[in-house]
Amino acid sequence: MSSLASATVPTTKSAVCFRKIPKPASFSSMLHRSISSPGMLSSLSSSSSANSAKLLNSYNASSISSSPKPFRPVMQWQDVTAKMVVDAPASVAYKLYADRELFPKWMPFLSSVEAMEGSPDLSRYLVKLESFGQNVEYHFLAKNLQPIPDRKLHWRSIEGFANRGSVRFFPRGPSSCLVEINFSFEVPHAFAPVAFAMKPFMEKLIRGGLERFAAFVKTIRSQE
């Protein structure tokens, strides 16, 4: 007989045991136990509150970090240079330019220049001019820095309209010199909308002032 025919048929129950797996508790039964157990309810409540607080704090932080910052325009410094040959020795031109109270004679936009009593290196300036359809008036206090006699004058403002600059004198023979003005200024906030036009405007003012200074020097020389 084949091996299949000679096999012995078991007469007893199989030795394999089946363990009864309990059904998962339903949500309603879990909720019932939670309500009936104050300790468990308190634990769930505090855990839920903590998670809610974390979510709220995270939302607030992201809201704050993503909120736009207020726009604050930064006024950049502008630089202006003008130069011209003046019919006077460097020493004479230097001496005239060093007299700050004479500035309004060749810079009409300077209404007044007043040397501070007791502080010869400090001067208060009053600027009055009409530009861009506005009547402008600015005060500033400037400090004269250590000069180089017959060669260089320079200053910087320490209060009011922010500016700094220098005037240099280069000999061009016994009776003439080259005068070079370098002027830097910060665009006032009132002129922020027309900041692009401030540099050519100031170049025109400085150039015009230098031309009037050359004419002033020539007049003084003719009276000697």
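Here are a few things to note about the model shown:
- Residues located in region 193-224, provided they are without any contact (Cβ under 8 Å) to a residue 60 or more places away in the chain and either of a type in the set (Gly, Ala, Ser) or on the phi > 0 side of the Ramachandran plot (or both): Gly208, Ser222
- The listed residues are Lys105, Lys83, and the only one of them that is over 16 Å from Asn163 (Cβ atoms), open to solvent by 80 Å² or more (accessible area, probe 1.4 Å) and in contact with a strand residue (DSSP E or B) (Cβ under 7 Å, 6 or more places away or on another chain) turns out to be Lys83.
The values are calculated or read from the model by the stated rules, or taken from the named source; none is laboratory data. Please read all numbers here as calculations on a predicted model, not as lab measurements. Cβ sites come from the backbone with ideal geometry, for glycine too, and all protein chains shown count toward neighbours. Note: accessible area is taken over every heavy atom of the protein model, side chains too, but ligands, DNA and RNA are not part of it. Shrake-Rupley method; radii C 1.70, N 1.55, O 1.52, S 1.80 Å.
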